[in-house]
2 protein chains.
Amino acid sequence: MGMASRAGRAPGVTIGDVAAAAQVSRSTVSRAFTRPQLLSQETVEHVRAVAVRLGYVGNQAARALSTGRFGNIAVVVPDIANPFFPPLVRSLQLAAETADLAVFLGDSDESAEREAKLIARLAPQVEGFVLASPRLSEELIRELAATRPVVLVNRDLDGISRVLIDSSGGMTEAVLLLKKLGHKRLAYLAGPRDSWSDQQRREVLTQTSAKAGLTVEIVEVGRPTYAAGRDSVSAVVRSGATAAIAFDDVVSQGVLAGLEVRGISVPTDFSLVGCDDTLAALTTPALTSVSAGAATAGTAAAKLLVNLLEATEPSAECVTIATHLVTRATTAAAPKSTP
Amino acid sequence: MGMASRAGRAPGVTIGDVAAAAQVSRSTVSRAFTRPQLLSQETVEHVRAVAVRLGYVGNQAARALSTGRFGNIAVVVPDIANPFFPPLVRSLQLAAETADLAVFLGDSDESAEREAKLIARLAPQVEGFVLASPRLSEELIRELAATRPVVLVNRDLDGISRVLIDSSGGMTEAVLLLKKLGHKRLAYLAGPRDSWSDQQRREVLTQTSAKAGLTVEIVEVGRPTYAAGRDSVSAVVRSGATAAIAFDDVVSQGVLAGLEVRGISVPTDFSLVGCDDTLAALTTPALTSVSAGAATAGTAAAKLLVNLLEATEPSAECVTIATHLVTRATTAAAPKSTP
DNA sequence: GTAGAGGGTGCAACCGGTTGCATGGAGCCT
DNA sequence: AGGCTCCATGCAACCGGTTGCACCCTCTAC
């Protein structure tokens, strides 16, 4: 394919070079790409042919300078190493590519402060943001959204476009399944408090459980990692629960490991449900989990942002992605009596 | 923190505004930030104070236009959803942040052609590239490297800076371990042919095995995915091998699943070794794997690139990251006889 | 044959910074 | 006092595109 044989700066094929080679003015070259309707069919083709021959690639920075449009967007995530995000980022970037947008990636390391810094750094060169599970305060998000298009993922702020993975469906199914299996006491291994997903899951879980007549113990895990999940097992056991629902699959993995160490076998002695379905098929036993469709969310977020960028006036859309329970091998009937 | 309260374009505080407010020329404002040594202490402070008051944020695009320096770098990976890459990207971006560089992410979807397109798209607005496991032809990579700083990860091209995760150490250990455990016939589940890592592993494996008097069957897996690994199990079994080494942990996971389906238990009936150690602790049984240190590689790549950017003349450094075998629960003595 | 319309193109200014060179003033030396 | 440096600052050109406006040419209508 040849990636623009002289994309470099040293030789740097500019619009002027193309103009000279095509024997037209710089304006004409510019228009051949941005407003072909204004030129004769003939000229457009000629100029484009010359441009290809020289390996001309428009300089975004220069374009941005005069138009104010950069052709870049940014996606900010709290932790790209968390398996929920890569598929999201991946589909987002693929979709962005279709709209000829390049993607900046920011990893805030779960810190609101670093998130703010990243955004400030990126802001002057992007047209819009996708903030996935932002830890930022509502105020700062609104401030940002006032200045440029923003799409949120898993954060519910009225008046700002957002994609929400609605865990309530899958969560409710999970509670009902566990009830049907005879469990009475559940534990919820809760994630970061400033995560909207966690708040939603917490709420749905407590409400549904109450309605179903089950008690639910909340165990704070903090940063959702394998180690944190593993180390929370003692608290879970202490609570007397016979089944647990974890904030995400990574935590579930940790719990699985912690349970094994303690000789508690899953699902015979204890049932476990994960969230996000990011690893599900990969664990042993295969994890029952609430589906999430991170990839779908990524594509949706990209679409929303593109809409926003093309729209003449600001608007806000909210896309909800439904979830359901994927039942696998970590859920079974409650043990007759607590050992 | 306040993230530059008027980063938006609408008000757009420019260098001219600051100049007017501070009663100096635009040049002076520019120099107050880029070359303060040239100005009097006094002027610098005055200008900066005014700038802060007005909420001035330098326009990267404009700066880039005249200096050719963007403050951006790009990292291109074949598949961000492959667990090897997120830690790498993460540490890379964190390190880049320290050097005040923003990071573009490109996902080539394992396609050399898309990789070339991405690079061409990004090239005009980045100062340098980190190409992780590039699928691109050597020729195109050299062409790119001739025009701007490039750091490769897991690709060994003389004269271009690179970070190599040298699997040979861990790979050799793996073969010796398997030999010691009494295995005679190994299988290698090979990854993408245009991956340097695969080539290296293939070679080390065949040579070491030959030396150790073991035979090794090569099973092509193609794109390294869970499904591909699972579906390759029949070929592995057919080969009569009693142990396998897989291109990476994701493939290993698939193999683990495929073996279970066939009722072949690990490690009693069959031993398995992964590579990259990305999931190792997360599987059941815990996977014996060749460590990789993707995060280390990311940091190293960032450092190399920063060096390159600061260097006055092009140079090439090669950082090698040693690996070793992490023995866990998927390797054991060979079964007495093939079942 | 001439005026009017309109499509295709070029000119030149502009976007917001950076930077080589010129300028002016202060300080120093003889 | 005159001449020379040197420091601080301003001027103006430039980076590589975009775009309002003017111009010219051709085609049509009277």
Once amide hydrogens are built 1.01 Å from N within the peptide plane, the residues lying 5 or more places from B:Thr278 or on another chain with amide H under 5 Å from its amide H are B:Asp249
Looking at the stretch A:168-292, send over the antiparallel percent of its DSSP beta bridges, to the nearest 5. 0
In nm to one decimal, list the spacings between the A:Ala210 label point and its equivalents in the other copies, with label points set 7 Å along Cα to Cβ, shortest first. 7.2
For A:55-66, what's the mean count of beta carbons from other chains sitting within 10 Å of each residue's beta carbon? 5
Distance in nm between label sites at A:Arg69 and B:Ser137, each 7 Å beyond Cα in the beta-carbon direction? 3.4
Taking a ≥ b ≥ c as the square roots of the eigenvalues of the Cα gyration tensor, with a/c under 1.5 meaning rounded and otherwise prolate when a/b exceeds b/c and oblate if not, the protein assembly as shown is oblate
Any idea what angle helix A:294-310 forms with the longest principal axis of chain A, computed on alpha-carbon atoms, 0 to 90 degrees, nearest 10? 40
What are the label-to-label distances in nm, one decimal and shortest first, from A:Glu310 to the same spot in the other copies, with labels 7 Å along Cα to Cβ? 4.5
Burial order of peptide ranges A:28-38, A:156-166 (average beta-carbon count within 10 Å, highest first): A:156-166, A:28-38
Note on the protein assembly as shown, DSSP bridge orientation, antiparallel percent to nearest 5 equals 5
Quick one: check the C-alpha center-to-center distance for the stretch A:36-114 versus the stretch A:221-267, whole angstrom. 42
Angle between the Cα long axis of helix A:249-261 and the longest principal axis of chain A, 0 to 90 degrees, nearest 10? 30
Taking r as the C-beta separation of B:Arg26 and A:Lys117 and R0 as 45 Å, the FRET efficiency to the nearest 0.05 is 0.95
A:Lys117: which aspartates and glutamates have alpha carbons under 20 Å from its alpha carbon, excluding same-chain residues fewer than 8 sequence positions away? A:Asp79, A:Asp107, A:Asp109, A:Glu127, A:Glu138, A:Glu139, A:Glu143, A:Asp194, B:Glu97, B:Asp100
Give the peptides A:322-330, B:89-97 in descending order of average Cβ contacts within 10 Å, highest first. B:89-97, A:322-330
Would you mind checking which residues have amide H under 5 Å from A:Gly71's amide H? H placed 1.01 Å from N; only 5 or more apart, or other chain. A:Glu127
In debye, nearest 20, what is the charge dipole magnitude of the protein assembly as shown about its Cα centre with +1 on Lys and Arg Cβ and -1 on Asp and Glu Cβ, if you could check? 60
Which of the lysines could a cross-linker span from B:Lys179 if the Cα-Cα distance has to be under 16 Å and same-chain partners fewer than 8 positions apart are dropped? B:Lys211, B:Lys336
The answer for the net charge of residues other than A:His324 whose Cβ lies under 11 angstrom from its Cβ, with Lys and Arg +1 and Asp and Glu -1, is -3
Amide H neighbours of A:Leu186 under 5 Å, counting only residues 5+ apart in sequence or on other chains, H built in-plane at 1.01 Å? A:Thr215, A:Val216, A:Glu217
How crowded by other chains is A:116-126, given as the mean number of beta carbons from other chains within 10 Å of each beta carbon? 6
May I ask you to report, in nm to one decimal and beginning with the shortest, the distances from A:Pro285 to the same position in the other copies, taking label points 7 Å along Cα-to-Cβ? 2.0
Between beta-carbons, use under 10 Å as the cut-off and find the net charge around B:Leu101, counting Lys and Arg +1, Asp and Glu -1. -2
Shielding by partners - mean other protein chain Cβ count within 10 Å, residues of B:312-320: 0
Per-residue HN-Hα couplings for the stretch A:213-222 [Karplus 6.51, -1.76, 1.60; θ = phi - 60°; Hz; x = Gly/Pro]: x, 10, 9, 9, 9, 9, 10, 6, 10, x
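Any read-out appearing in this document is the output of simple, stated calculations on the displayed coordinates, not a laboratory observation. Remember, predicted model here, so these are calculated numbers, not experimental data. Because the Cβ atoms are built from the backbone with ideal geometry, glycine has one as well, and the counts that use them run over all protein chains shown.
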